[in-house]
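The values are calculated or read from the model by the stated rules, or taken from the named source; none is laboratory data. Model, not experiment: these values are computed from the prediction. Cβ placement follows ideal geometry from the backbone for every residue including glycine, while neighbour counts extend to all protein chains displayed. Surface areas here come from the heavy atoms of the whole protein model, side chains and all, with no ligands, DNA or RNA. Shrake-Rupley method; radii C 1.70, N 1.55, O 1.52, S 1.80 Å.
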Amino acid sequence: MHDDGRYDDPRVTGSTSDPVSRETDYPSWSPGATAPSAQSADSEPPRGGPADHSTGPEGADPTVVRRTTEGSTRPANAAEVRQTLGRRNTAAAVRFEPAVPHQPGAAVVRDAAPVVADAPVASTESLAAVAADPTYVSRETPTREEDDPPLAMEAMRAVQILNPSGEVTMPRPDRTRVMCVANQKGGVGKTTTTVNLAVALALHGNRVLVVDLDPQGNASTGLNVPHHTGIPDVYDCLINSVPLAEVAQAVEGIPNLWCVPATIDLAGAEIELVSVVARESRLDRAIAAYPGEFDYVFIDCPPSLGLLTVNALVAAQEVLIPIQCEYYALEGLNQLINNINLVRQHLNPKLDVSTILLTMYDRRTRLADAVEQDVRNHFGDKVLQAVIPRNVRVSEAPSYGQSVMTYDPGSRGATSYFEAAQEIAERGVKEPVGRNA
């Protein structure tokens with residue numbers, strides 16, 4: 001015996017033992033089977049291998065005809081056959097598989113397939129069903145509800161938020177709700193909250209007016225309303241008694257939404273209002289004299305407790321306080337509540353802190369959870385269940401002159417503000433949905 005990958009061919013060595021190949025492992029092989037006949041040089045090469053090889057180790061014959069590079073043929077002797085078969089078993093067998101006379105069954109395929117961790121394995125019944133009926137669907141196939149891709153879910157949220165049908169899907173109040181968005185601390189999300197809540201309510205059938213009372217004019221920027229020098233703004237209403245209807249501008253692309261812009265002139269209104277009679281109620285009278293009827297009026301306040309903020313507190317019926325989920329936001333909250341109580345006692349008895357909204361919530365930190373628990377324990381039901389997370393889309397939207405509701409309606413920030421607007425609408429409604437305008 002030679003250990004070259006095959007026992008010696010009996011027709012070469014004269015051995016009377018049966019020819020056995022260690023590569024003969026396909027199902028139809030048996031020790032007594034007849035080896036395939038060798039093919040001539042002019043016959044078609046077998047499938048599964050190139051033309052310059054023999055039909056396989058089972059069909060090797062010392063009299064096989066082999067092609068040379070010059071195109072001539074000559075018989076091969078026993079030593080060359082043995083050498084060729086050894087090379088076939090060690091190298092060529094890696095590249096080429098021997099042709100088999102029939103297709104293997106399902107059991108052979110399953111046993112020969114490589115095992116992959118956590119990979120679904122088709123059962124024999126499933127293979128048989130697929131072979132019998134090409135339209136067969138396995139019960140292991142997940143349904144659409146179980147396997148919705150994230151993009152599809154985001155698209156569904158975007159359609160819900162944008163409300164392209166224009167139907168009244170959020171309840172409309174029976175009276176105008178004037179809400180003052182105030183917090184003496186800066187950077188807590190007052191302007192962002194004002195813009196996004198106003199857009200969300202307007203997209204779902206409510207008539208909304210936004211009064212930008214901050215000299216920086218960020219709310220006007222977020223709604224893409226011109227507020228450069230020379231534009232009639234809220235300063236003219238406070239100082240020159242210009243009617244609010246002549247100053248309000250319709251927001252492009254958002255039906256049922258108007259904005260009273262603020263320019264840099266408003267920065268001097270604090271000093272000029274000192275000598276004006278009834279200086280604390282100038283904005284209240286301007287809103288009351290507006291000829292149109294609104295469902296909501298949002299007043300965006302500056303980060304201070306000056307005369308502009310006092311005007312907003314006198315004109316409003318409700319106060320919405322955005323609170324950043326950090327310690328500094330809690331530190332100045334007591335002073336804000338004390339000033340609101342002073343305005344209620346002396347200027348506006350109907351003023352009430354109705355809504356607390358937690359903003360810039362970072363779920364990765366324990367501090368955010370601690371602040372949320374403290375606020376909910378102190379204010380109770382006044383705190384909205386919706387919480388605004390930190391989201392880069394919310395910060396990107398103003399640079400494009402949009403709110404996050406229209407910039408990326410499928411983002412987490414837009415979804416959170418939509419839920420907050422819906423909760424505000426449901427809390428203050430006394431009239432059913434579908435009231436005609």
_Additional length obtainable on full extension of the chain from Ala250 to His228, 0.36 nm per residue less Cα span_ = 6.3 nm
*Taking N as the number of residues in region 208-364, what is its alpha-carbon radius of gyration divided by 2.2 N^0.38 Å?*
1.05
*Label-to-label distance, nm, for residues given as Ala267 and Asp369 (7 Å Cα→Cβ offset)*: 4.4 nm
*Say each of Phe379 and Glu426 gets a label point 7 Å from the Cα, pointing the same way as Cα to Cβ; how far apart are those two points in nm?*
1.9 nm
*For labels at Asn341 and Ser165 in the simple 7 Å Cα→Cβ model, what's the distance in nm?*
4.8 nm
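Roughly how big is region 163-310's charge dipole about its Cα centre, with Cβ charges of +1 (Lys, Arg) and -1 (Asp, Glu), in debye to the nearest 20?
360 debye
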*asked:* So with the 1.4 Å probe, I'd like the accessible area per residue for region 260-332, rounded to whole Å².
replied: 38 Å²
_Nonlocal amide H pairs with Gln324, under 5 Å, H built at 1.01 Å_ = Thr359
*Could you give log10 I(q)/I(0) at q = 0.12, 0.14, 0.19 Å⁻¹ for region 159-280, computed by the Debye formula over C-alpha point scatterers of equal weight, without solvent?*
-0.48, -0.65, -1.10
